[in-house]
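I have placed the structure first, in the form of structure tokens, so that the comments after it can refer back to it.
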Amino acid sequence: MNTIRTLCFVIAALSSYAALIYRLCQARRSRHDSAYWTLIATLVLQCFTFTMGAVAMSGPAFLGVGNLAILLMHLSAVAYCVAAEIILLQWAAPDEEARRRTRWWLITGCALDVALVALFVLADGTSRPSSDFDTGSGQPLVLVYLLAFMASQALPCVTIFRQCGSYARMTENESLRQALRVLRVAAVVLFLYCSCRTLNILTAASGIDIGAWKLASNLFSAAGIVILSLGLTNSSWGPAASRLLAWGRSYRSYRALYPLWRDLYESSPDIALEPPGASVSDLDYRLHRRVVEIRDGWRDLRPYIDRTTVGGSAGDAGREESEESRQAFTEAARIKRALLAKQAGTMPHDNKDAGDFDDRDTDNFVAEVAWLTKVAAAYSKLGTAS
């Protein structure tokens with residue numbers, strides 16, 4: 001059990017150090033930004049908190065003083081929560097409100113740390129077994145100390161959760177909105193840590209052994225800190241990650257459209273503006289070209305599209321649930337039969353050579369790609385033209 005607890009502290013510490021190093025790499029361009037240095041201070045406190053946690057798990061004494069690592073971890077955790085509140089205010093709150101509430105949090109944090117030191121000294125914390133600060137062991141002063149510490153952690157979780165929700169609705173900065181949403185999730189997970197930790201303390205004080213369930217608090221703590229580290233660095237890596245995800249979606253669409261584009265290109269080579277290639281260095285351009293070329297190839301097939309064609313095979317269409325999917329199968333079946341008709345040189349009597357082009361034409365490129373991808377997927381299921 002101690003091994004898992006130590007591992008959770010190490011994971012939290014490593015994620016904290018990774019976030020700190022990542023942010024320190026931006027010091028040159030952000031050195032005049034007060035919010036940046038507040039964030040650095042927050043991450044330093046986060047690193048120190050979980051480093052002390054790992055040290056406390058490795059032995060009862062630190063610098064020759066019993067349970068000093070536990071006290072330093074708790075004091076740093078309070079300061080860290082205060083710093084997280086302040087950085088959130090600097091990110092999203094109006095300047096006057098941020099200054100006023102920052103003063104309140106600084107005073108509250110100092111008062112909580114003083115109270116914890118006083119309770120630690122009164123409880124003779126340096127001479128007690130370290131296990132007493134894990135469960136309280138029925139000692140009233142230690143129990144009060146632990147419950148005061150948990151209250152100092154739970155309150156910021158609640159306020160951060162509420163503030164992140166309201167600030168995310170107010171801001172127009174998409175990167176900041178994403179960071180606030182991630183921080184909101186972290187606040188929920190860390191509140192679960194506080195709840196589980198408080199339950200551990202109270203059940204131990206009541207003489208109830210909950211066994212391996214004690215580890216739930218450590219797991220929630222490690223998960224919450226990892227998520228929090230991501231939230232505190234989201235404004236830097238978030239836009240790049242969003243671009244990478246968008247590129248991935250475009251690449252999947254580009255590949256998914258290939259079977260349909262290939263058969264249309266073989267039927268009408270003139271639709272290609274330039275010779276086909278495998279490079280995806282300019283993916284946005286190539287995806288646009290592929291969509292345009294599919295539409296052009298589709299138009300070239302109009303004299304061969306049988307307007308009486310209803311859809312694909314009954315089995316293929318029947319497996320699809322949505323109306324849009326059934327329409328995609330219908331269009332895919334018409335394209336396939338039109339390609340076969342063009343190869344055979346037979347033109348249907350009731351074709352689509354006349355009239356408007358009504359195959360889900362749209363000026364919304366994202367919707368166009370989504371629709372053609374559905375048609376291409378249905379086309380692949382029906383089999384390529386031969």
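Among the residues of the stretch 135-154, what is the count of those that are without any contact (Cβ under 8 Å) to a residue 40 or more places away in the chain and either part of a helix (DSSP H, G or I) or exposed (fewer than 13 other Cβ atoms within 10 Å of the Cβ) (or both)?
7
This table checks each residue for (1) surrounded by fewer than 15 Cβ atoms within 10 Å (Cβ to Cβ); (2) hydrophobic (A, V, I, L, M, F, W, C).
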position: ARG184; (1), (2): no, no
position: ARG197; (1), (2): no, no
position: ILE201; (1), (2): no, yes
position: SER206; (1), (2): yes, no
position: TRP213; (1), (2): yes, yes
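In the set PHE48, PHE9, which member is in contact with a Gly (Cβ under 6 Å, 6 or more places away or on another chain) and either of a type outside the set (S, T, N, Q) or in contact (Cβ under 8 Å) with a residue 40 or more places away in the chain (or both)?
PHE9
Can you find, within the stretch 172-182, the residue that is surrounded by the fewest Cβ atoms within 10 Å (Cβ to Cβ) among those that are in contact with a Ser or Thr (Cβ under 6 Å, 6 or more places away or on another chain) and touching a residue at least 24 places away in the same chain (Cβ under 8 Å)?
SER175
Among (1) open to solvent by 40 Å² or more (accessible area, probe 1.4 Å); (2) modelled with pLDDT of 85 or more, which single condition is SER322 missing?
Of the numbered conditions (1) open to solvent by 40 Å² or more (accessible area, probe 1.4 Å); (2) modelled with pLDDT of 85 or more, the odd one out for SER322 is (2).
Being open to solvent by 10 Å² or more (accessible area, probe 1.4 Å), closer than 24 Å to PHE161 by Cβ and of a type outside the set (S, T, N, Q), is that true of even one residue in the stretch 57-67?
no
Kindly indicate the residue of the stretch 8-29 that is loosely packed, with under 15 Cβ neighbours inside 10 Å and part of a helix (DSSP H, G or I) and also farthest from the chain's Cα centre (by Cα) among those meeting that condition.
Selected residue: ARG28.
Please go through (1) among the aliphatic types (A, V, I, L, M); (2) under 24 Å from ILE227 (Cα atoms); (3) at pLDDT 80 or above for LEU147 and return the number of the only condition it doesn't satisfy.
The failed condition is (2).
Just to be sure, is LEU219 among the aliphatic types (A, V, I, L, M), without any contact (Cβ under 8 Å) to a residue 24 or more places away in the chain and open to solvent by 20 Å² or more (accessible area, probe 1.4 Å)?
So LEU219 does not fit the description; no.
Of these, ASP124, ASP95, which one is loosely packed, with under 12 Cβ neighbours inside 10 Å and of a type outside the set (Gly, Ala, Ser)?
ASP95
State yes or no: is ARG5 among the basic types (Lys, Arg) and over 20 Å from GLN153 (Cα atoms)?
It is false that ARG5 is among the basic types (Lys, Arg) and over 20 Å from GLN153 (Cα atoms).
Could you list, in sequence order, the residues of the stretch 286-305 that are of a type outside the set (Lys, Arg), in a helix (DSSP H, G or I) and either more than 16 Å from VAL366 (Cβ to Cβ) or modelled with pLDDT under 85 (or both)?
Hits for the stretch 286-305 are GLU293, ASP296, GLY297, TRP298, ASP300, PRO303, TYR304.
Report yes if some residue within the stretch 22-38 is of a type in the set (Val, Ile, Thr) and modelled with pLDDT of 85 or more; otherwise report no.
No, every residue in the stretch 22-38 fails to be of a type in the set (Val, Ile, Thr) and modelled with pLDDT of 85 or more.
For the stretch 198-213, indicate whether the set of residues that are over 16 Å from the mean Cα position of the chain (by Cα), without any contact (Cβ under 8 Å) to a residue 60 or more places away in the chain and under 30 Å from VAL369 (Cβ atoms) is non-empty.
The answer is no; no qualifying residue exists.
List the residue pairs whose Cβ atoms are under 6 Å apart, where the first residue sits in the stretch 59-70 and is within 18 Å of VAL117 (Cβ to Cβ), the second is of a type in the set (Phe, Trp, Tyr) and surrounded by 18 or more Cβ atoms within 10 Å (Cβ to Cβ), and the two are 6 or more positions apart or on different chains.
Matching pairs, first to second residue: LEU68/PHE62; ALA69/PHE62; ILE70/PHE133.
Given the conditions (1) open to solvent by 70 Å² or more (accessible area, probe 1.4 Å); (2) at pLDDT 80 or above, which single one is not true for THR308?
For THR308, the exception is condition (2).
Among all residue pairs at least 6 apart or on different chains, which show Cβ distances below 6 Å where the first residue, located in the stretch 246-259, is touching a residue at least 40 places away in the same chain (Cβ under 8 Å) and the second is among the basic types (Lys, Arg) and open to solvent by less than 70 Å² (accessible area, probe 1.4 Å)?
Close Cβ pairs satisfying both conditions: LEU257/ARG290.
Out of curiosity, is LEU116 open to solvent by 10 Å² or more (accessible area, probe 1.4 Å), closer than 28 Å to LEU146 by Cβ and at pLDDT 80 or above?
No: the conditions fail for LEU116.
Please state which one of PHE50, PHE62 is over 26 Å from GLY224 (Cα atoms) and hydrophobic (A, V, I, L, M, F, W, C).
Being over 26 Å from GLY224 (Cα atoms) and hydrophobic (A, V, I, L, M, F, W, C) holds for just one of PHE50, PHE62, which is PHE62.
The values are calculated or read from the model by the stated rules, or taken from the named source; none is laboratory data. The model shown is predicted, which means the values in this text are computed figures rather than measured ones. With ideal geometry, Cβ positions are generated from the backbone for all residues, glycine too; neighbour counts draw on all protein chains shown. Side chains are part of the model used for accessible areas, which takes the heavy atoms of the whole protein and leaves out ligands, DNA and RNA. Shrake-Rupley method; radii C 1.70, N 1.55, O 1.52, S 1.80 Å.
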